[in-house]
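Student: Sharing a structure, written as structure tokens. Questions coming.
Every number in this text was worked out from the coordinates using simple rules, so none of it is lab data. Computed from a predicted model, the values in this text were never measured in an experiment. Every residue, glycine among them, receives a Cβ derived from its backbone with ideal geometry; neighbour counts consider all protein chains shown.
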Amino acid sequence: MNNWLRENRQTAIRGLGSLLALGLLLILVREEGDGELFSALRRVSSGYFFLAILALFVSRLFTIARWHVLLRSAGVDVTFWRSSMLTFTGNFSSNFLPTTIGGDVARLAGAMQLGYDRAICLASLVVDRLVGMAGMALALPFGLVPVFSMDGGLTQAAVFPAFFQKMVGFLRRTLTALSIWLNKPLALTSSLLATIGNQVFIYAAISLLLQGIDHHLPFWLVAGLYTLTYFVTLVPISINGLGVQELSLAFLLVRLGGLTSSESATIALLTRLLFVIASLPGAFFLPSILAAMNEKKVVE
């Protein structure tokens, strides 16, 4: 009972955090007038938008490859198709079912349903997330440098120690999960290269959206701004970063990218839409995984 209350309280708090962030984003847009947002949306070139979707789907393939390499190197006899199925299911769960089931839980449940070792799959998911964070950390300086150069940058930078402290704690808690892969440097290196490929195509997708509204920002700046947004959303104050991601990306695009509030909100909202679209293939695989999880609960 206590666990149920604690979990639902956390969900309620995150829901309020999402609503607050979305409300602040709305206020940011309303400063220029609601019509400006729709005007900016109409300016987006359909060609660039579809190219952005394509770029994000390519990034998903690199995400699949990252986890697939970790599974195979740990002795799990899984095909790339099955890794793809599980990864897309996890992405779909994170976007559409964030209050009831997490993406990693969906991947783990699916892997167990397919008969793979639970302990190894769980460890691989932890390392997969860890490698993803490590890849993002490589691009973090591209975002920190312009932030520190902003007016009041030192004051704003006071927030970042909290993020780094959270990261250090995460690394300490999950270090044991690396034990399987510490003697497999090739697998770790390959998974890190895969996450870098994933990031490059995410940055490319956002760059294409910017091109779609006739804005050009240096690729390194796009990388830095998105990476900062990624680390902001690690703080558990919203559901799957909803609202917080859009607000932080919009704010950074205004302050560091020179976009108007309506233009930055357009890019932030379309970025979220791209991730949702790229997760849709998981809808085909999720029902069977949910059924397996329900059967497991009945047995227990």
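Student: Just to be sure I follow: if Rg is taken over the C-alpha atoms of the stretch 216-285 and Rh is the Kirkwood radius over the same atoms, what is Rg/Rh? Walk me through the numbers before you get to the answer.
Tutor: On the way: Rg = 12.9 Å, Rh = 12.7 Å.
Result: Rg/Rh = 1.01.
Student: Can you figure out the FRET efficiency of ARG255 with ASP104, using R₀ = 30 Å and their beta-carbon distance, to the nearest 0.05?
Tutor: Values: r = 33 Å, r/R0 = 1.10.
The value I calculate is 0.35.
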